[in-house]
1. How do the helices (runs of 4 or more DSSP H) wholly within region 49-116 filter down when requiring 2 or more residues that are in contact with a Gly (Cβ under 8 Å, 6 or more places away or on another chain) and modelled with pLDDT of 85 or more: which remain?
2. Quick check on my filter: what residues within region 273-295 are touching a residue at least 40 places away in the same chain (Cβ under 8 Å) and surrounded by 15 or more Cβ atoms within 10 Å (Cβ to Cβ)?
3. Evaluate the following for Phe322: is it within 13 Å of the ligand (Cβ to nearest atom) and either surrounded by fewer than 13 Cβ atoms within 10 Å (Cβ to Cβ) or in contact (Cβ under 8 Å) with a residue 24 or more places away in the chain (or both)?
4. Suppose we filter region 264-285 for residues that are more than 13 Å from Thr317 (Cα to Cα), under 25 Å from the mean Cα position of the chain (by Cα) and among the β-branched types (Val, Ile, Thr); how many remain?
5. Tell me yes or no: at least one residue of region 132-155 is free of Cβ contacts under 8 Å to residues at least 60 places away in the same chain, on the phi > 0 side of the Ramachandran plot, open to solvent by 40 Å² or more (accessible area, probe 1.4 Å) and in a loop (DSSP other than H, G, I, E, B).
6. Quick one: which residue in Asp243, Asp226 is touching a residue at least 24 places away in the same chain (Cβ under 8 Å), more than 25 Å from His327 (Cα to Cα) and part of a helix (DSSP H, G or I)?
7. Which residues, taken from region 188-209, are away from the ligand (no atom under 15 Å from the Cβ), in contact (Cβ under 8 Å) with a residue 60 or more places away in the chain and in a loop (DSSP other than H, G, I, E, B)?
8. Please identify the pairs in which a residue from region 77-89 that is under 16 Å from Ile334 (Cβ atoms) and hydrophobic (A, V, I, L, M, F, W, C) has its Cβ atom under 6 Å from the Cβ atom of a residue that is near the ligand (Cβ under 8 Å from one of its atoms) and outside any strand (DSSP E or B), counting only partners at least 6 apart or on another chain.
Amino acid sequence: MTSIPRFNVSSRYTRTKEDSDDSRNIRDINRADSSRTAGSNGAAASGDSTGSDNSRVQLGFANLPDQMHRKAVKKGFNFTLMVVGESGLGKSTLINSLFQQDLYKDRELGSVTERINKTTEIEKRYIELDEKGVKLRLTVVDTPGFNDCINCQECWRPIEDYIDNTFEQYFKDECGLNRKNIIDHRVHCCLYFISPYGHGLRPIDVEFMRRLHGKVNIVPIIAKSDTLTSTEVRELKERVMGDLERHKIQIYRMPETDSDDDEETRVQESEIRACIPFAAIGSNCVVESGETGRRVRGRQYPWGVVEVENPRHCDFTKLRIFLLGTHMQDLKDITKEVHYENYRAKYITERMTKRKGPREEMETRKSKNTSDAQFEALVDTEGLLKEKEDEIRRMQQLLQHLQSNKSSQGGSADGSGPPTSSAAAAVTSANSAGGAAAVSTTATSSGGPTGNSSGGAAGTAVGGAGATNGQEAA
Ligand code: GDP
């Protein structure tokens, strides 16, 4: 589940001539050692074993993956899954089937009249799963009301806003003081349910995916695939993939299999890749299988049983392996490295552009929303700090210059004497510009508290002039 670094030192290592000479020397030494040992002990084989022991010296870093594994297991894992699709497509049933829970016990289905003008809502449910000591805290974000009312023109907007808000929250937390304990609410995967009754994607599906594909990993699902024949499932999948390409929609793409993956993994991954969009079936019941007579999760029809976990009946098992077994970490990585980074870059660029605009306009905008203004101040702090640091660096250079001038004129070489008026002014300027950290740096380099205190006394009065004074002296 966690990405484990691979230590390919030996494979990247290229042998040079000196290396081979060295190794020959080592072999010669070993051989000499062995003959010596054999000579003294009469054990001919001991020399060889010394040589091979040397080549197998263990430094201990081979345990690093174990250390990471232990640490990750102790910490547990978080995963946030969003489900989107119109009401009745079997979203809750599929989630229950995937996690073998009844997550929707308390769900209340509104009447048609209630749903006519209802907008998309966001509902979160949490489950904590434990498998062989590994803990997974799963958040399921449901979106009831999506595509349910008469006018569904902007029903994707609350979902987009929600995803943006999670990114913004994460960004703020990253800029804050308690960065170590950030709670990650970002959505790692969005299961998008496509109706089995249409002829491919519908306008609302296209609109939703076009709006959201740059912000979340979209995994398309063909809902209730037991209502279609095998040929119909295949044709619908082809049409959906064609529509996605035509509308340039980037759903989540599985990474290419690594060349060092074993054959079984490669076959499994190519099978999973081939069946996207997943044709899913869900069920909240356990029934007796017509084939094996075992009790299985399935749907009982007058003509037989549809088994949820039977790969010949649907792609449910592949979906579960993909989601929980093989690609959970990649979904999290893409969220972090692609979607969140895009958001962050866009956010910062927008703020920078705003900052360049007329000052008054920014002030008005800031006053509109206090929390936004506070956040902008946070982002602005970085720029401000940099400016201050540059200023301090200039002041320190100036001070050094003054000190060397002073010593060349026969003053105290170690800089312990009282600073000249211009040096004192320079210290003051740095002092007033740079804050606490700057003060301590400047005080050390200026050679004692005298400079600092005289600077402090003169601070407000000569701070501005000090720099000019210093520059003239330099
Ligand atoms: P949601 O509103 O999208 O959460 O849909 P539900 O999970 O509540 O399911 C709505 C109805 O569809 C219920 O009667 C389910 O029993 C039924 N249903 C759920 N999954 C499937 C499925 O895979 N195939 C079929 N045929 N019916 C399903």
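The values are calculated or read from the model by the stated rules, or taken from the named source; none is laboratory data. What you see is a predicted model; the values in this text were computed from it and never measured. Note that we place each Cβ from the backbone using ideal geometry, even for glycine, and neighbour counts take in every protein chain shown. Keep in mind that these areas ignore ligands, DNA and RNA; they rest on the heavy atoms of the full protein, side chains included. Shrake-Rupley method; radii C 1.70, N 1.55, O 1.52, S 1.80 Å.
1. 91-99
2. If the condition is that a residue be touching a residue at least 40 places away in the same chain (Cβ under 8 Å) and surrounded by 15 or more Cβ atoms within 10 Å (Cβ to Cβ), then Cys275, Ile276, Pro277, Phe278, Ala279, Ala280, Ile281, Gly282, Ser283 are the ones that fit.
3. No.
4. Qualifying residue count, region 264-285: 1.
5. Yes: region 132-155 contains one or more residues that are free of Cβ contacts under 8 Å to residues at least 60 places away in the same chain, on the phi > 0 side of the Ramachandran plot, open to solvent by 40 Å² or more (accessible area, probe 1.4 Å) and in a loop (DSSP other than H, G, I, E, B).
6. Residue meeting the stated conditions: Asp226.
7. Selection gives His188 alone.
8. Between residues of region 77-89 that are under 16 Å from Ile334 (Cβ atoms) and hydrophobic (A, V, I, L, M, F, W, C) and residues that are near the ligand (Cβ under 8 Å from one of its atoms) and outside any strand (DSSP E or B), there is no close pair.
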